[in-house]
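The values are calculated or read from the model by the stated rules, or taken from the named source; none is laboratory data. Every value quoted in this text rests on a predicted model; they were computed, and no experiment measured them. Every residue, glycine as well, gets a Cβ built from its backbone with ideal geometry; the counts of neighbours run over all protein chains shown. Keep in mind that these areas ignore ligands, DNA and RNA; they rest on the heavy atoms of the full protein, side chains included. Shrake-Rupley method; radii C 1.70, N 1.55, O 1.52, S 1.80 Å.
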Amino acid sequence: MADAKVIPFDDDRSRARRRPARADGETAAVRALPGPQQASEGPGIAGSGEAGSPESPGEPDAPDAPGAGDRWERRLAGGLAFLRRRITGEYEVDEFGYDGELTDQVLMSLLRPLYEKYFRVEVKGVENIPEKGGALVVANHSGTLPLDALMMQVAVHDHHPAGRHLRMLAADLVFVLPVVSELARKAGHTLACAEDAERLLRAGEVVGVMPEGFKGIGKPFGERYKLQRFGRGGFVSTALRAGVPIVPCSIVGAEETYPMVGNARTLARLLGLPYFPLTPTFPWLGPLGMLPLPTKWTIQFGEPIPTDSYAPEAAEDPMLMFNLTDQVREQIQHTLYKVLVQRRSVFF
């Protein structure tokens, strides 16, 4: 297959240690991350008219509807053009491996039925994410498997007024798993480290982080919707250095997708995993037990917490970091309880 174009950020330092591995003979023409004015633009975003963008709700799809034949012809032509670009390498990725065209036209399309039909996600407050410039979205983490991160990415991609893209920070484990690692890179995810996060934020990207990490996603069902520790406030320090707002995000519904009633710690150690979940269906039903329960989700983005008023040295103030971390955590926890009180049912 021909080579893709790889777009460099700048030439001040090498990032070879985190560039995604490529096949023998493949090179990449690398583009720079968009600046704050360009961060919300990309191929195939909603409203762009490109193949892969969501159709408007009232558009007729019946074969006998006026213009239906032309619409299918355009879709077919767009699909063939997409395949041609993939084969000839006429597409771009950035130095983190993010492939905007593949994400818009393929990955989001695969996740969208799960988002819209299975979990029936309701999104609130997505307009709290700025229309341009960097922002750090901080969310709770739960559900045994990290489906909440993927659904949050779809929520921002499909519902933000400016069609912004969410670049998630992921744990090291994600990037050592075969297939998963490559897909994560293509979708814009990158290693959860301060250097990568700050670099993305300064380039005007929306970055997502879940500070609870494995403590949140692997907690027992009895502790659902109780936030775990948010670490040492590293995400606050990163936001302060980049001068971007922090947007708290509360996700309700993910906790019940895989009710974790036990943890086979010995097996987890043997497999090199942070935990090995035991649920009412897994591993007792085999692969069928990995099917998530069809819970009803709500994703609510809160009011942004600005950081641009602080001096650069504020990032080294441990008391300020503690206070801001506590403020973000309390805002997420309060919203979780508020949404839980308002929801009618786990499944409806």
Exclusive hit being under 30 Å from Leu240 (Cβ atoms) and surrounded by 17 or more Cβ atoms within 10 Å (Cβ to Cβ), set Pro312, Pro304, Pro318: Pro304
Can you name every residue in region 67-102 that is open to solvent by less than 20 Å² (accessible area, probe 1.4 Å), out of contact with any Pro (no Cβ under 9 Å at 6 or more places or on another chain) and in a helix (DSSP H, G or I)? Gly78
Scan region 130-146 for residues that are buried (at least 22 other Cβ atoms within 10 Å of the Cβ) and hydrophobic (A, V, I, L, M, F, W, C) and jot them down. Ala135, Leu136, Val137, Val138, Ala139
Note on region 190-206: residues within 25 Å of Gly272 (Cα to Cα) and of a type in the set (Val, Ile, Thr) are Thr190
Considering only residues of region 154-189 that are of a type in the set (Gly, Ala, Ser) and surrounded by fewer than 20 Cβ atoms within 10 Å (Cβ to Cβ), which is nearest to Leu273 (Cα to Cα)? Ala171
Condition first: closer than 30 Å to Gly302 by Cβ and surrounded by 17 or more Cβ atoms within 10 Å (Cβ to Cβ). Now tell me which residues in region 103-113 satisfy that. Thr103, Asp104, Leu107, Met108, Leu111
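Name the residue, out of Val252, Val341, that is open to solvent by less than 10 Å² (accessible area, probe 1.4 Å) and β-branched (Val, Ile, Thr). Break it down stepwise before answering.
Working: Val341 fails: open to solvent by less than 10 Å² (accessible area, probe 1.4 Å).
Result of the check over Val252, Val341: Val252.
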Qualifying positions in region 169-183 - within 25 Å of Glu256 (Cβ to Cβ), in a helix (DSSP H, G or I) and in contact with a helix residue (DSSP H, G or I) (Cβ under 7 Å, 6 or more places away or on another chain): Val174, Val180
Inside region 190-214, can you point out the residues that are under 15 Å from Asn140 (Cα atoms) and surrounded by 17 or more Cβ atoms within 10 Å (Cβ to Cβ)? Val207, Gly208, Val209, Met210, Pro211, Glu212, Gly213
Among the residues of region 315-329, the number that are part of a helix (DSSP H, G or I), charged (D, E, K, R) and either over 17 Å from Glu212 (Cβ atoms) or in contact with a Leu (Cβ under 9 Å, 6 or more places away or on another chain) (or both) is 2
Can you tell me which residue within region 157-179, out of those that are of a type outside the set (Gly, Ala, Ser) and more than 14 Å from the chain's Cα centre (by Cα), is nearest to Asp94 (Cα to Cα)? Phe175
I'd like the residue in region 255-272 that is without any contact (Cβ under 8 Å) to a residue 60 or more places away in the chain and among the hydrophobic types (A, V, I, L, M, F, W, C) and, out of all such residues, is least open to solvent (accessible area, probe 1.4 Å). Ala268
How many residues, within region 273-301, are open to solvent by less than 60 Å² (accessible area, probe 1.4 Å) and out of contact with any strand residue (DSSP E or B) (no Cβ under 7 Å at 6 or more places or on another chain)? 10
Does region 114-129 hold any residues that are assigned to a helix (DSSP H, G or I), open to solvent by 20 Å² or more (accessible area, probe 1.4 Å) and within 13 Å of Trp297 (Cα to Cα), and which are they? Leu114, Glu116, Lys117, Tyr118
Within region 259-278, residues among the β-branched types (Val, Ile, Thr) and either out of contact with any helix residue (DSSP H, G or I) (no Cβ under 7 Å at 6 or more places or on another chain) or more than 24 Å from Val346 (Cα to Cα) (or both) come out as Thr266
So which pairs qualify, if the first residue must be in region 228-241 and touching a residue at least 60 places away in the same chain (Cβ under 8 Å) and at negative phi, the second must be among the aromatic types (Phe, Trp, Tyr) and in a loop (DSSP other than H, G, I, E, B), the Cβ gap must be under 6 Å, and the two must be at least 6 apart or on different chains? Leu240/Tyr310
Within region 77-91, can one find any residue that is at pLDDT 85 or above and on the phi > 0 side of the Ramachandran plot? no
